[in-house]
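The values are calculated or read from the model by the stated rules, or taken from the named source; none is laboratory data. None of these values were measured; they are calculated from a predicted model. No Cβ is skipped: glycine too gets one built from the backbone with ideal geometry, and neighbour counts run over all protein chains shown.
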Amino acid sequence: MIPQLLVSGALSGQSLKEDMWRARSLCPVPLFFAFISLADTLPKLTPLIPSPKPAFPRPSPKPKPTLIQNNYQNVSQLITSSGYTVREYNVTTRDSYILMIQRIPRGRNEPRGKRRRKPVAFLMTGLLSSSADYVVNLPDQSLGFILADNGFDVWLGNVRGTIYSSHEYLKKWQARYWDFSFDEMINFDLPDQIDFILKKTRQSSLLYVGWSQGSLIMFGLLASKPSYNKKVRLFNAIAPVAYLGHMTSEVSEMVPFADFLNGLLQMTLHGAFLEPSGPVFEQIKEEECGSSKQGPACKAAFKLFNGGFPVEMNKTRFPVYMYNNPAGSSVRNMYHFAQIIRDNRCQMFDWGPLKNMKIYGQV
């Protein structure tokens, strides 16, 4: 039996918020977070109904007096506040997505002057994350800073669907914007960023670090486009993803319902999954994860995606983590992950027999 959640007062910000808190104790964890996304989408589905001033708007990016200054900073601000130089670039993919990437060209104590040729390190983050993941900790705890201090020209990548992506003509409220999975990241996002970086640095190859989904898309790129084997001098895979049939987390419990959930969420969320700009989602993040002491919903999210809180996590930095995460993705991308869990195979998106034959030439 599929669990059902009926939310009353959907057009009232306060009643909707209260319903979400009540649902937290009644609904399985994965469905709870799916319905948070749904709650943020409901106002978009009723544009003709007059709406009062939002009960809880998106939190201000200005830091609270009781929290350290960089709790509410984006990637570039995190880098500069730690004493490093940062440069931002927009990479336009061949299918018109615009991906913002960041560069740390020198170490914190490295003097400005004549530039010397450095090895290029390209860091790609994981599912529902962004380039912030490599700079959210202190300089001696963040891989991006550590590599910069050790003589690397560090580049931080992003993929479509995150807060650091846009499109030349599609808007994020359009379903077409979210019509992608990691197949498109393999075919467009990753190779186009690699080519941009190599052209900008005038080098022929780079070192690549891929975490989670970041490793998966590199596996796919090297397999589908062998020419990129010459462009990647070293590939470091952190928590590599390929075969997921062995998963035992709560996420895997949703796989039997993946077809149903994909249809439901595509219809209600217009293809976006945990888009970070929704007021309900932002309010829950602010109240549950906005301090070093985490609330029940915050702990539930970590149990869902990480199996709990790592012992070595610096919980005083938790507000920094949550301001930049989750960074968003698409429903189809999540459905694609469900497919490779279900089939225990690293494969392209399964459209069903007829469309598979048309697209891939095989069932």
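Worth pointing out:
- Just so you know, in the stretch 176-208 the residues that are acidic (Asp, Glu) and assigned to a helix (DSSP H, G or I) include one that is farthest from the chain's Cα centre (by Cα), and it is 195.
- Residue check for residue 222: closer than 27 Å to residue 96 by Cα, in contact (Cβ under 8 Å) with a residue 40 or more places away in the chain and surrounded by 17 or more Cβ atoms within 10 Å (Cβ to Cβ): no
- Per the listing 221, 234, the residue uniquely in contact with a strand residue (DSSP E or B) (Cβ under 7 Å, 6 or more places away or on another chain), modelled with pLDDT of 95 or more and among the aliphatic types (A, V, I, L, M) is 234.
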